[in-house]
Each structure stands twice: as C-alpha cells, then as structure tokens.
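Step one of this worksheet: look at the structure below.
The values are calculated or read from the model by the stated rules, or taken from the named source; none is laboratory data. This one's a predicted model, so the numbers in the text were calculated from it and none came from an experiment. When we count neighbours, we look across all protein chains shown, and the Cβ atoms used for this are built from the backbone with ideal geometry, even at glycine.
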Amino acid sequence: MSNALKLTVPEGLPFIDFEREFDHPVAEVFHAYADPDLVARWLGPRRNRIGVDHYAFRTGGSYRYTHTGPDGVDHVFSGVFHTVRENDFAIQTFEYDGYPDVVSIEFLTFQALGDGRTRLSAHAVYPSMEARDGMAQSGMEDGLADAYGQLDELLARAVV
C-alpha cells in the first residue's frame, strides 16, 4: 500500500499521533467521516461488524457505535464532537465502554496536499500513561490501518 498509516507513540508522553494520506480530495475524505452510512462501511477492522446507534459529525454532536467481533463479543465506543469545521478540523472525545472513565481527546486535521490528495492527521491525548499504553497495545494500529484501507476502497469506488 502506497499510503501507509504512520502511528507514533512518543516515549513518556500520554499521546498517540497518526497520519494517513489518501489519493482523494479533502471534501471526499471529510464526507466519508461525516456521513453515518459511509462510516458504517469503513470504520473498524474488516473482521468486525459495526452497528451505528447514532453519529452526528457536527459541533455539539455525538456518536455511539458497536463493533462485534467474530467471537460475538461487542465492543461499544462513544464520544462527543466538540468542534467540527467542514473539510478542515474536528475535536472529539473517544471512550471505550470496556474501560469506563478513560476518555481521550482527539484532534483531527484534514489537509489538502494538492493534486486531489489529502493528509488526515490525528493527535490523541490520554488521561494517563497507563491509558495511553493500553490503547497502543490494544491493536489500535492494525485496526486503524485496516479501517483506512477500507476507506480507500470506498473512496476509489466513487461512492462519496
């Protein structure tokens, strides 16, 4: 894959940074993030089914979705969109029901690179090193890489 996920877990800091480039315009990548029907088609590992309870990608909106693994176990995620600026930026919280009271704050930037390409960058802040390390060791990198691969496929089919 020419547009590999770059994930960084800095030593001694409660952050995880990641970025991924897409060979599609910012408006298409942003729309795939904003439309709940499209989100349900790419978010999460391929091996999981996703059920979107609600998803309002707008300032003051919120989301809740469930990934069901091949073992039948449900993993529920939820959060609030604090700021959403179309085709530009979003701030959201992220919480996994399996670890209550651990909420991260994520800053997403959608950057036009020219020639119809986009860089999506994220900076996730965790309340403790333990929480950050737990996320980093959870399979996050493989799950994100798989999800963004599916997003690439969705964008390539021009369904956005």
* Among the strands (runs of 3 or more DSSP E) lying completely within the stretch 3-82, list those that include at least 1 residues that are acidic (Asp, Glu) and surrounded by 14 or more Cβ atoms within 10 Å (Cβ to Cβ). => 15-22
* Could you check how many residues of the stretch 90-105 are free of Cβ contacts under 8 Å to residues at least 24 places away in the same chain and over 14 Å from PHE77 (Cα atoms)? => 1
* Give the residues of the stretch 103-116 that are closer than 17 Å to TYR63 by Cβ and either part of a loop (DSSP other than H, G, I, E, B) or of a type in the set (A, V, I, L, M, F, W, C) (or both), sorted by residue number. => VAL103, ILE105, PHE107, LEU108
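From GLY69, GLY79, which residue is touching a Lys or Arg at 6+ places or on another chain (Cβ under 9 Å) and at pLDDT below 95? Explain how you work it out, then say what you get.
On the way: GLY79 fails: at pLDDT below 95.
None of the others qualify; the one that does is GLY69.
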* To do: Looking for whichever is modelled with pLDDT of 95 or more, of a type in the set (Asp, Glu), over 12 Å from the mean Cα position of the chain (by Cα) and farther than 19 Å from LEU13 by Cα here; the options are ASP101, ASP88, ASP97. Which one fits?
  => ASP88
* Residue that is surrounded by the fewest Cβ atoms within 10 Å (Cβ to Cβ) [pool: residues in the stretch 117-160 that are in a strand (DSSP E or B) and touching a helix residue (DSSP H, G or I) at 6+ places or on another chain (Cβ under 7 Å)] -> LEU120
* Asked: Failed condition for GLU95, given (1) surrounded by 15 or more Cβ atoms within 10 Å (Cβ to Cβ); (2) on the phi > 0 side of the Ramachandran plot; (3) out of contact with any helix residue (DSSP H, G or I) (no Cβ under 9 Å at 6 or more places or on another chain), with all others met?
  -> (2)
